[in-house]
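To start, the structure itself, in structure tokens.
The values are calculated or read from the model by the stated rules, or taken from the named source; none is laboratory data. In this text, all values refer to a predicted model and were calculated from it rather than measured experimentally. All Cβ positions, glycine included, derive from the backbone under ideal geometry; neighbour counts span all protein chains shown. Quick note on the areas: whole protein, heavy atoms, side chains included, nothing else; ligands and nucleic acids left out. Shrake-Rupley method; radii C 1.70, N 1.55, O 1.52, S 1.80 Å.
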Amino acid sequence: YQNACTQSYSYVWWDWARWEREIDWMALSGINLALAFVGQEVAWQRVYRSLGLNQSEIDAYFTGPAFLAWNRMGNLHGWAGPLPPAWHLKQLYLQYRIVERMRSLGMITVLPAFAGHVPQGVLRVFPRVNATRLGGWSHFDCTYSCTYLLDPEDPMFQVIGTLFLKELIKEFGTDHIYSADTFNEMMPLSSDPAYLSRVSNAVFRSMTGADPEALWLMQGWLFQHQPDFWQPAQVRALLRGVPLGRMIVLDLFAESKPVYQWTESFYGQPFIWCMLHNFGGNHGLFGTVEAINHGPFVARCFPNSTMVGTGLLMNELGWRQEPLDLPSWGTRYAERRYGAPNAAAASAWRLLLRSVYNCTGVCVNHNRSPLVRRPSLRMDTELWYNASDVYEAWRLLLSAGAELGSSPTFRYDLVDVTRQAAQQLVSDYYLSIRQAFQSHALPELLTAGGVLVYDLLPELDSLLSSHSLFLLGRWLESARAMATSDQEAEQYELNARNQVTLWGPSGNILDYANKQLGGLVLDYYGVRWGLFVSALVESLNSGSPFHQDQFNQAVFQVERGFVYNKKRYPAVPAGDTLEISRKLFLKYYP
């Protein structure tokens, strides 16, 4: 359970109380293998200091808290940092409690290990070390990217890797499973199979140097992310650089793009059938129930299958011999979820299961709704399901409100389904706006644009603001709560704001981690849409063409302005969810 990125998108600001709830839920769900990545920077800092790096070199390497997942995988350094001393201390004490709790409930904890990436300071202290810079990651240049990778043959590879793991084991104990990703979304320096085998062998040896019983848990994401590079010979070389059975591969995206099928079941290394049901922690209903319902059973029957487990899916499947009957499961699920049988709620769930939760083919759940993307005249409004099924589920859930309104899970789902319906409506208004602009119909443009910017988005914002789990203020205040000084609070809040909007200094991964939160919809997405509609109206009025690049420069000021606006957002909900949803329904139900 969990993956590397979840540590930053979901858990970054969690305190012990929140972690404890999660770990207890994991135990109730039968999770027995879990990542324990918190607090590793403490160990890294000690190792770097013992090697002779100075604090400013370390500060230039660590990112801010909200971006540590990508610092750990060698994608980024320095962005939104440095890490204050108090951060290390708080994370260290958090990790003590996390591993203690996981182990007390019978879970195997997975600790991080050295993958080969080093700070630039290592080259100053050891000028003869053999290290090469990798390329830039995503849309980052070498200011914050292009990490140094040690050559697998360099003796420092073993020294650093073993030092780190010994430090970690001394601090937290061990269950002998370690995670490391050398080439996550990073192009290796050579495609020579011998080189790739040397890299994986070096990583594994640095683990066994500290723990002779080490098992390496590796994400298989890289194989499907860069399939042109990772041909069978390259995959086999990387996997076979480690003795058979001493590596467990996570087939991370198996419900959409399984890797085991074209790698002869990972050339004999054990693997776990995983799903990626979300990217960037976006809101937006999504599922691939058919693929999940059948996939793990198909994988177990694959010739010479080396499948040894499942990574978070409908957790029940781990106890099943065969796929479920989904419609009847959906009916029972609604009853279990809301604590009482209700025909309307059961019908709503059957509709959702056959539509929005049943994407087939290659499905990537990354919310591309125009609502949460930078406006342009070329936006994607495609859906993988029938929009009317969601509208009907919305109607059915609302009709169950009188009976189920006191159930917290029901109220959450009502917000979520209303939000999905509103997201669909935004696409409809966007298409009307675009059509009106392209046919030079100013009155229609003003009408559609006016409804979207001055009514639909504010109504959606007030719906989200009525539920504690859909508040921007909750995300920002939890970031500030981690701080031990005003200065830290400011830094953490900027980290939290940047991650869900610009994702980098200049919108490098813009809106990747988009969220639909009360406060964010009004002051970020809403302001953007207002600027877009105004620009289109201005273009029609003046007869001059709309220039996307000019608009992008103007809207970047809005986006950046939001990150730095210092406005405090409420962390407690306001308004009645049922009432607001009903009001939206009466106004907008198609």
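From Asp151, Asp141, which residue is closer than 20 Å to Thr182 by Cα, open to solvent by 30 Å² or more (accessible area, probe 1.4 Å) and in contact with a Lys or Arg (Cβ under 9 Å, 6 or more places away or on another chain)?
Asp151
Of all residues in region 372-396, which are under 12 Å from Ala421 (Cα atoms) and either in a loop (DSSP other than H, G, I, E, B) or touching a Phe, Trp or Tyr at 6+ places or on another chain (Cβ under 9 Å) (or both)? Quick ask: steps written out before the conclusion?
Going through region 372-396, the residues under 12 Å from Ala421 (Cα atoms) turn out to be 386-395.
Result: Asn386, Tyr391, Ala393, Trp394, Arg395.
Does at least one position in region 499-510 carry a residue that is within 28 Å of Leu377 (Cα to Cα) and outside any loop (DSSP other than H, G, I, E, B)?
yes
With respect to Leu312, determine if the residue is at pLDDT below 95, aliphatic (A, V, I, L, M), open to solvent by 30 Å² or more (accessible area, probe 1.4 Å) and not in a helix (DSSP H, G or I).
yes
For (1) farther than 30 Å from Ile98 by Cα; (2) in contact with a Pro (Cβ under 9 Å, 6 or more places away or on another chain); (3) surrounded by 20 or more Cβ atoms within 10 Å (Cβ to Cβ); (4) not polar (S, T, N, Q), each residue gets a yes or a no:
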position: Ile177; (1), (2), (3), (4): no, no, yes, yes
position: Asp181; (1), (2), (3), (4): no, no, yes, yes
position: Glu185; (1), (2), (3), (4): no, no, no, yes
position: Pro188; (1), (2), (3), (4): yes, no, no, yes
position: Pro193; (1), (2), (3), (4): yes, no, no, yes
position: Val199; (1), (2), (3), (4): yes, yes, yes, yes
position: Val203; (1), (2), (3), (4): no, yes, yes, yes
position: Met207; (1), (2), (3), (4): no, no, yes, yes
position: Pro212; (1), (2), (3), (4): no, no, no, yes
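Pick from Leu163, Leu111: which is modelled with pLDDT of 95 or more, surrounded by 23 or more Cβ atoms within 10 Å (Cβ to Cβ) and within 25 Å of Leu215 (Cβ to Cβ)?
Result: Leu111 is the single residue among Leu163, Leu111 that is modelled with pLDDT of 95 or more, surrounded by 23 or more Cβ atoms within 10 Å (Cβ to Cβ) and within 25 Å of Leu215 (Cβ to Cβ).
Go through region 12-56 and give me each residue that's without any contact (Cβ under 8 Å) to a residue 12 or more places away in the chain and open to solvent by less than 40 Å² (accessible area, probe 1.4 Å).
Of everything in region 12-56, just one residue is without any contact (Cβ under 8 Å) to a residue 12 or more places away in the chain and open to solvent by less than 40 Å² (accessible area, probe 1.4 Å), namely Glu22.
Please pick out the residue among Leu92, Leu105 that is hydrophobic (A, V, I, L, M, F, W, C) and under 27 Å from Asn54 (Cβ atoms).
When all the criteria are applied, what remains is Leu92.
Name the residue, out of Ser328, Ser407, Ser355, Ser347, that is of a type in the set (S, T, N, Q), in contact with a helix residue (DSSP H, G or I) (Cβ under 7 Å, 6 or more places away or on another chain), farther than 30 Å from Asp511 by Cα and free of Cβ contacts under 8 Å to residues at least 60 places away in the same chain.
Details: Ser328 fails: in contact with a helix residue (DSSP H, G or I) (Cβ under 7 Å, 6 or more places away or on another chain); Ser407 fails: free of Cβ contacts under 8 Å to residues at least 60 places away in the same chain; Ser355 fails: farther than 30 Å from Asp511 by Cα.
The conditions single out Ser347.
Does region 298-307 hold any residues that are more than 14 Å from Met275 (Cβ to Cβ) and surrounded by 14 or more Cβ atoms within 10 Å (Cβ to Cβ), and which are they?
If the condition is that a residue be more than 14 Å from Met275 (Cβ to Cβ) and surrounded by 14 or more Cβ atoms within 10 Å (Cβ to Cβ), then Phe302, Ser305, Thr306 are the ones that fit.
If you go through region 87-98 one residue at a time, do you hit one that is assigned to a helix (DSSP H, G or I), at pLDDT 95 or above, β-branched (Val, Ile, Thr) and closer than 22 Å to Arg133 by Cβ?
no
Okay, residues lined up against (1) aliphatic (A, V, I, L, M); (2) open to solvent by 20 Å² or more (accessible area, probe 1.4 Å); (3) assigned by the TED database to the domain that holds His547:
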residue: Arg411; (1), (2), (3): no, yes, yes
residue: Leu414; (1), (2), (3): yes, no, yes
residue: Arg419; (1), (2), (3): no, no, yes
residue: Ala422; (1), (2), (3): yes, no, yes
residue: Val426; (1), (2), (3): yes, no, yes
residue: Ala448; (1), (2), (3): yes, no, yes
residue: Glu459; (1), (2), (3): no, no, yes
residue: Ser462; (1), (2), (3): no, yes, yes
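Name the single residue that is farthest from Gly561 (Cα to Cα) among those in region 516-546 being of a type outside the set (Ser, Thr, Tyr) and not in a helix (DSSP H, G or I). Spell out how you get there, then give the answer.
Just the residues of region 516-546 that are of a type outside the set (Ser, Thr, Tyr), to begin with: 516-523, 526-533, 535-538, 540-541, 543, 545-546.
Narrowing further to those that are not in a helix (DSSP H, G or I): 516-519, 543, 545-546.
Details: Gln516: 19, Leu517: 18, Gly518: 18, Gly519: 14, Gly543: 29, Pro545: 26, Phe546: 23 Å.
Here the answer is Gly543.
Restricting attention to region 1-38, report how many residues are outside any loop (DSSP other than H, G, I, E, B) and either of a type outside the set (Gly, Ala, Ser) or modelled with pLDDT under 95 (or both). Outline the logic, then answer.
Of the residues in region 1-38, the ones outside any loop (DSSP other than H, G, I, E, B) are 6-9, 16-28, 33-35.
Filter once more, keeping what is either of a type outside the set (Gly, Ala, Ser) or modelled with pLDDT under 95 (or both): 6-7, 9, 16, 18-26, 28, 33, 35.
Total satisfying the criteria: 16.
Show me the strands (runs of 3 or more DSSP E) entirely contained within region 99-170 in which 1 or more residues are touching a residue at least 60 places away in the same chain (Cβ under 8 Å) and closer than 30 Å to Leu33 by Cα.
Here the list reads 108-112, 148-150.
Answer yes or no as to whether Ala496 is in contact with a helix residue (DSSP H, G or I) (Cβ under 9 Å, 6 or more places away or on another chain), closer than 30 Å to His77 by Cα and open to solvent by 10 Å² or more (accessible area, probe 1.4 Å).
Numbers: in contact with a helix residue (DSSP H, G or I) (Cβ under 9 Å, 6 or more places away or on another chain): yes; closer than 30 Å to His77 by Cα: yes; open to solvent by 10 Å² or more (accessible area, probe 1.4 Å): no.
When the stated conditions are applied, Ala496 does not pass them.
Quickly run through region 428-446 and pick out the residues that are assigned to a helix (DSSP H, G or I) and either open to solvent by 30 Å² or more (accessible area, probe 1.4 Å) or in the same structural domain as Trp14 (by the TED database) (or both).
Those that are assigned to a helix (DSSP H, G or I) and either open to solvent by 30 Å² or more (accessible area, probe 1.4 Å) or in the same structural domain as Trp14 (by the TED database) (or both): Asp428, Tyr429, Leu431, Ser432, Arg434, Gln435, Gln438, Leu442, Pro443, Glu444, Leu446.
Looking at region 561-590, which of its residues are open to solvent by 30 Å² or more (accessible area, probe 1.4 Å), farther than 24 Å from Val537 by Cβ and assigned to a helix (DSSP H, G or I)?
Result: Glu579, Arg582, Lys583, Phe585, Leu586.
Would you check if there is a residue in region 120-136 being among the polar types (S, T, N, Q), over 23 Å from Pro65 (Cβ atoms) and under 30 Å from the mean Cα position of the chain (by Cα)?
yes
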